[in-house]
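A.B. asks: Take this structure, written in structure tokens, and hold onto it; I'll ask about it next.
The values are calculated or read from the model by the stated rules, or taken from the named source; none is laboratory data. Source: prediction; values computed, not measured. Don't worry about glycine lacking a Cβ; one is built from the backbone with ideal geometry, like all the others, and counts go over all protein chains shown.
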Ligand SMILES: *[C@@H]1O[C@H](CO)[C@@H](O)[C@H](O)[C@H]1NC(C)=O
Ligand SMILES: *[C@@H]1O[C@H](CO)[C@@H](O)[C@H](O)[C@H]1NC(C)=O
């Protein structure tokens, strides 16, 4: 009796915060990407992100394609920046992706899978998820 009640309480306690995080936090999440500097803002755009969906830098965002030099990622998100469209990458040792957590980043000096990289002007698609 006691353990069944405890289990139910534990389950509902665990379920509520995680669904709030997924629905609430990400629904309104966005990143900033700039073709010039971020401070002062030069060629910056705000990009709305939906968890794990791929954003091509086409259409309204085409001015950013192969031109992103600074980005700002909000805390709680982790974003992957891809050289290729459609969030494709070449494999675990590829230098064609950069993964960035919350912060303001100069793309000309970011940590890639194999070491520091100049990823300025390289981004063609982006995918973000909760961290
Ligand atoms: C992104 O672009 C690629 C190549 O043009 C296309 O095949 C794909 O459907 C696009 N994906 C999205 C999410 O728009
Ligand atoms: C990084 O690459 C961009 C685009 O190719 C280039 O314009 C820039 O000078 C490079 N920056 C550094 C620090 O090497």
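A.B. asks: In the range 23-38, which residues are farther than 16 Å from residue 120 by Cα and at pLDDT 95 or above?
C.D. replies: 30, 31 - these are the residues of the range 23-38 that are farther than 16 Å from residue 120 by Cα and at pLDDT 95 or above.
A.B. asks: List the number of the failed condition for residue 32; all other conditions in (1) within 16 Å of ligand 1 (Cβ to nearest atom); (2) in contact with a strand residue (DSSP E or B) (Cβ under 6 Å, 6 or more places away or on another chain) hold.
C.D. replies: Evaluating residue 32 over (1) within 16 Å of ligand 1 (Cβ to nearest atom); (2) in contact with a strand residue (DSSP E or B) (Cβ under 6 Å, 6 or more places away or on another chain) leaves (1) as the failure.
A.B. asks: So which residues in the range 96-126 are away from ligand 2 (no atom under 11 Å from the Cβ) and farther than 13 Å from residue 82 by Cα, if there are any at all?
C.D. replies: If the condition is that a residue be away from ligand 2 (no atom under 11 Å from the Cβ) and farther than 13 Å from residue 82 by Cα, then 101, 102, 103, 104, 105, 111, 114, 115 are the ones that fit.
A.B. asks: Assess whether residue 110 counts as being within 10 Å of the chain's Cα centre (by Cα), more than 16 Å from ligand 1 (Cβ to nearest atom) and either under 25 Å from residue 42 (Cα atoms) or without any contact (Cβ under 8 Å) to a residue 12 or more places away in the chain (or both).
C.D. replies: So residue 110 fails the test.
A.B. asks: Consider residue 47 carefully, then state whether it is in contact with a helix residue (DSSP H, G or I) (Cβ under 7 Å, 6 or more places away or on another chain), within 17 Å of residue 107 (Cβ to Cβ) and either modelled with pLDDT of 95 or more or not in a strand (DSSP E or B) (or both).
C.D. replies: yes
A.B. asks: Where in the range 51-131 are there strands (runs of 3 or more DSSP E), lying wholly inside it, with at least 2 residues that are surrounded by 14 or more Cβ atoms within 10 Å (Cβ to Cβ)?
C.D. replies: Of the strands (runs of 3 or more DSSP E) lying wholly inside the range 51-131, those with at least 2 residues that are surrounded by 14 or more Cβ atoms within 10 Å (Cβ to Cβ) span 54-56, 70-73, 77-82, 97-100, 103-106, 110-112, 125-130.
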